[in-house]
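Undergrad: A single structure is presented below for examination.
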């Protein structure tokens, strides 16, 4: 897999695809071109059996500052661009791709994550931030509303009051507080961030990744289901998991008292 754009750096190894947002001079803020490139890479990762886990991070001193406002300004005296259309065509497809990708998606937040950048991090499966990283829902400063699934995931992660405070006040949330609130999985020293995340990703890539994919499918369904419907989802997912080669290998390894060798199938 080669990068479709200079705005993304792709690195592969040990079953892990690392995607680095690569516009460090503007804190990796998104253009339409970068959003389309990321969407394409995620789509390819979904069908690439050699990719068993994905890591998303940013180049330079920040993770992602959200939308590049240069693309959201009018040309000359022309009308303001339709920000809603940018959300529909750029950010919504990325979030849908991450949640539909039935492989672990880890996020390494190496610096500021603002606006769409913060919500992109919150939508990943496991997010680890550098100890000096900050998250900020900056939309209110521009008279906008949170996008990139922010109004979906943030209140579910932290509750209504904290979500409202984050959205209305637009204050920086330090990484340690983000972990305490349940917005992210963990915090790592900045110098050890990528090592920490890649070790986790490589470890996950050796596991029964089909089971992870089915678990993720069930988690996604739980957001819309009541108990009865979710019990049915679990039963169906367990039916599929029980027919995988990984499950058979796991049982054989248990009986033979050895470490399993999973292949993600």
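Rule-based calculations on the coordinates, nothing more; no lab input. Keep in mind that this is a model prediction, so the values were computed, not measured. Here the Cβ is made from the backbone with ideal geometry for all residues, glycine too, and neighbour counts use every protein chain on show.
Undergrad: Starting from the Kirkwood radius over alpha-carbon pairs of segment 209-255, derive D by Stokes-Einstein at 10 °C in a medium of 1.306 mPa s and give it in µm² s⁻¹.
TA: 140
Undergrad: Also, I was wondering about something else. Between segment 206-265 and segment 28-73, what's the alpha-carbon centroid distance in Å?
TA: Cα centres, segment 206-265 to segment 28-73: 28 Å.
Undergrad: Another question, then. If each residue's Cβ is checked for other Cβ atoms within 10 Å, how do 1, 200, 80, 194 rank with the fewest at the top?
TA: Lowest count first: 80, 1, 194, 200.
Undergrad: Relative to the compact-globule scaling 2.2 N^0.38 Å, provide the ratio for the alpha-carbon radius of gyration of segment 158-217.
TA: Working it through for segment 158-217, the quotient is 1.49.
Undergrad: Next question, about the same structure. Which percent of Cα pairs goes in each bin when the distances of segment 8-205 are cut into 10 angstrom slices starting at zero?
TA: 9, 38, 37, 13, 2, 0
Undergrad: Taking every Cα atom in segment 1-73, find the radius of gyration and the maximum pairwise distance Dmax, and write them in Å.
TA: Values for segment 1-73 (Cα only, Rg and Dmax): 12.5, 42 Å.
Undergrad: If you rank 206, 89 by fewest surrounding Cβ atoms within 10 Å, what's the result?
TA: Fewest-to-most ranking of 206, 89: 89, 206.
Undergrad: Quote to one decimal, in nm, the extra length available between residue 236 and residue 89 on full extension: 0.36 nm per residue of separation minus the C-alpha distance between them.
TA: Full extension from residue 236 to residue 89 adds 49.7 nm.
Undergrad: Please give, to one decimal in nm, the separation of the simple spin-label points placed at residue 6 and residue 196, each 7 Å out from Cα toward the Cβ.
TA: So the two model labels end up 3.3 nm from each other.
Undergrad: Tell me, 87, 109, 136 in order of fewest to most beta-carbon neighbours within 10 Å?
TA: In order of increasing Cβ crowding within 10 Å: 87, 136, 109.
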